[in-house]
Amino acid sequence: MATRNTCIAVYPGTFDPLTNGHVSLVRRARSIFGTVVLAVAKDTHKTSMFSLRERVAMAGEALAGERGVVVEGFEGLLVDYVKRRGAKVILRGLRAVSDFDFEFQMALMNRRMAREIETVFLMTDFKWLYISSTIVKEAARAGGDIRGLVPDAVLARLCERFGRELP
């Protein structure tokens, strides 16, 4: 008889905003790990369009009802957060080879700081290869139709932010 997987994976990011590519990765990871924590980072080298509170709220709304998925914000060093959460896995998504260089460096640095924590990479679903939060924001800012690229909760917030009616 198979036992239930109790491994916790932390999927960190800015999620500014959450895209359907992120949601797809969470759902796929959920089939592997017992719990997936979507950890929305407060501290980032990027300038965020949405506040931490807004990003957590949008992600929470988009992933509401997903069993085994938790959404929360965090600040500080990722490996410290992962340890506090009782997780052993950092989950990262890859869209293209160009993502790998940065992600590989970060994984090695995290490994140096916390050898007991593993980084697991999942390739994005092919239909989301071209999607990034940055591209979605730029398309929305320019008046483009982003329906189907982001969850409804995110679409509503982006339309509100740019003073547009929902499509």
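Just so it is clear, none of the values below were taken in a lab; they were calculated from the coordinates. On a predicted model such as this, the values are computed, not experimentally measured, just so you know. For neighbour counting, all protein chains shown are included, and Cβ atoms are generated from backbone atoms with ideal geometry for every residue, glycine included.
For the set 83/137; 46/127; 88/137, the pairs lying more than 28 angstrom apart at their alpha carbons are 83/137; 88/137. This ranking places 38, 94 by how few other beta-carbon atoms lie within 10 Å of each, fewest first, which gives 94, 38.
Determine the shape class of the range 121-167: with a ≥ b ≥ c the square roots of the Cα gyration tensor eigenvalues, call it rounded for a/c under 1.5, and otherwise prolate if a/b is greater than b/c, oblate otherwise. The partial results should precede the final answer.
Working: a/c = 2.53, a/b = 2.08, b/c = 1.22.
Here the range 121-167 falls in the prolate category.
Listed from fewest to most Cβ neighbours within 10 Å, the set 11, 130 follows the order 130, 11. Exposure proxy for 146, 135: other Cβ atoms within 10 Å of each Cβ, ordered fewest to most, give 135, 146.
Expressed as a rounded percentage, what relative contact order does the chain have, with Cα pairs under 8 Å and six or more residues apart?
28 percent
Rounded, prolate or oblate, given the Cα gyration tensor of the range 1-85, with a/c below 1.5 counting as rounded? Verdict is oblate for the range 1-85. With 0.36 nm allotted per residue and the present C-alpha distance subtracted, the residue 135-residue 42 stretch has 31.4 nm of extension available.
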